[in-house]
Amino acid sequence: MKKLSSNRVFGGEHAQYSHYSEANKCDMTFAIFLPPIALGKGKEAQKVPVLYWLSGLTCNDQNFMQKAGAFRAAAELGIAIVAPDTSPRGESVPDDPDKAYDFGLGAGFYLNATQPPWSAHYNMYDYILNELLPSVQQTFFVNKHSAISGHSMGGHGALTMGLKNPDIFTSISAFSPICNPVNCQWGQKAFTHYLGDDKQSWLEYDACHLLQNASKQVPILIDQGTDDDFLEEQLKPDNLIRVAQMSDYHLTLNMRSGYDHSYFFISSFIDDHISFHAKCLFADE
Ligand SMILES: CC(=O)Oc1ccc2c(C)cc(=O)oc2c1
């Protein structure tokens, strides 16, 4: 693993690293925030839990770290934050021929592609679960407790990865998530390319389907702006709420009046999400 940058922030450290991913067959960059307590400032260092943050379309490891304003709360509560990139990258990695923002580079949709040419590199699900999590565990002063959050496409990633791995993630949260990708244009385009025409195979990465079939109720918090341009056509939180009610799955959805899809919205409520995860991450201490 190679360290690319380091900054002191709120008494902790923000750093970027690069490492080779076997799943994605390319180098992947990720960012990590370590709170002061994990660095042992003046005292003995303590292992801290980790919040994984999955960013949305067009983003990389830096958008959340530089815009969300999450470090004060994470430093005070003693939580590390890890933000991976949103897709494989590099000369050998294919991109959308039309260079659209909703597919290809910057749009990995946190799944394992099964269709060529995408399947050679677009395996973000395996990368995060089987490579990034173990590497973070081995390299940094963190404990085994993990939670997951994300925005938009990354909210879809947080919901699907969290629901598929209820024994790994203590809690799931999302801002403006794509809640039902099999029923929206962003999801249908990406899933057709990455997974093929068999719509049955898409369900493995659809939060509504996964929630309906969940074996365990992992706590879920969602915040959604009412003035989000993508709310009706792409995000569809009502579909998730309907399934949750039918399945008796208790989740919290806050509709936030006047907020849009941007990091202005995320930064306004990120402290609530960090506190929500802290309750679950520290529950057995
Ligand atoms: C930095 C930033 O604003 O990120 C951003 C903007 C727009 C979107 C859209 C439209 C979708 C998504 O999944 O993520 C996303 C992220």
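Positive-end ranking of 244, 63, 74 along the dipole of the stretch 2-282, with charges on Cβ about the Cα centre, is headed by 74. The modelled label-to-label distance for the pair residue 254/residue 275, using points 7 Å beyond Cα in the direction of Cβ, is 0.8 nm. The spacing between the stretch 129-153 and the stretch 29-106, judged by their C-alpha centroids, is 10 Å.
Each Lys or Arg adds one and each Asp or Glu subtracts one; over the other residues with Cβ under 14 Å from the Cβ of residue 68, this totals -2. Once the Cα-Cα distance is subtracted from the 0.36 nm per residue extended length, the residue 215 to residue 232 segment shows a gain of 3.2 nm. In the stretch 138-285, if the dipole is taken from +1 on Lys/Arg beta carbons and -1 on Asp/Glu beta carbons about the Cα centre, which of 207, 230, 141 is farthest to the positive end? Value: 141. Considering only alpha-carbon pairs that sit under 8 angstrom and 6 or more positions apart, the relative contact order computed for the stretch 2-282 is 17 percent. Among the GluC sites (Glu not before Pro) found in the stretch 37-140, those both in a DSSP coil and sparsely packed, with 15 or fewer other Cβ atoms within 10 Å of their Cβ, are 44, 91. Here is the list for the stretch 27-101: trypsin sites (Lys or Arg not before Pro) lying in DSSP coil, each with at most 10 other C-beta atoms within 10 angstrom of its C-beta, are 43, 99. Each Lys and Arg contributes +1 and each Asp and Glu -1, all at the Cβ; summed about the Cα centre of the chain, the dipole is approximately 860 debye. Over all other residues within a Cβ to Cβ distance under 14 Å of residue 10, the charged ones net out to 0, with Lys and Arg as +1 and Asp and Glu as -1. Once the C-beta distance of residue 284 and residue 164 is scaled by a Förster radius of 22 Å, the resulting FRET efficiency is 0.50 to the nearest 0.05. Extension gain for residue 7 to residue 114 (0.36 nm times residue separation, less C-alpha to C-alpha distance): 34.7 nm. Arranged from fewest to most other beta-carbon atoms within 10 Å of their beta carbon, 184, 179, 59 become 184, 59, 179.
Close amide H partners of residue 21, meaning residues 5 or more places away or on another chain with modelled amide H under 5 Å apart, are 26, 27, 28. In the chain, taking the dipole from charged Cβ atoms about the Cα centre, the farthest positive-side position among 262, 181, 118 is held by 262. For the stretch 139-285, with only Lys/Arg (+1) and Asp/Glu (-1) charged at the beta-carbon, what is the dipole magnitude about the Cα centre, in debye rounded to 20? Using Cβ point charges on Lys, Arg, Asp and Glu, the stretch 139-285 gives about 340 debye. Shown here for the stretch 179-278: trypsin sites (Lys or Arg not before Pro) in loop regions (DSSP other than H, G, I, E, B) with at most 11 other Cβ atoms within 10 Å, namely 216.
Given a Förster distance of 45 angstrom, what is the FRET efficiency for residue 95 paired with residue 46, based on the Cβ-Cβ distance and rounded to 0.05?
After rounding to 0.05, the efficiency reads 0.60.
Given R0 = 30 Å, the distance between the Cβ atoms of residue 246 and residue 268 translates into a calculated FRET efficiency of 0.45. From its DSSP helices (H runs of at least four residues, each -39,500 (n - 2.57)), the chain gives a residue-normalised ellipticity at 222 nm of -8500 deg cm²/dmol. Relative contact order of the stretch 31-133, taken over Cα pairs closer than 8 Å and 6 or more residues apart, is 26 percent.
The alpha carbons of the stretch 2-282 stretch over 57, 43, 35 Å along the principal axes, in descending order.
Read-outs throughout are calculated quantities, based only on the coordinates presented, and are distinct from any laboratory measurement. Just so you know, these numbers come straight off a predicted model, no measurement behind them. For neighbour counting, all protein chains shown are included, and Cβ atoms are generated from backbone atoms with ideal geometry for every residue, glycine included.
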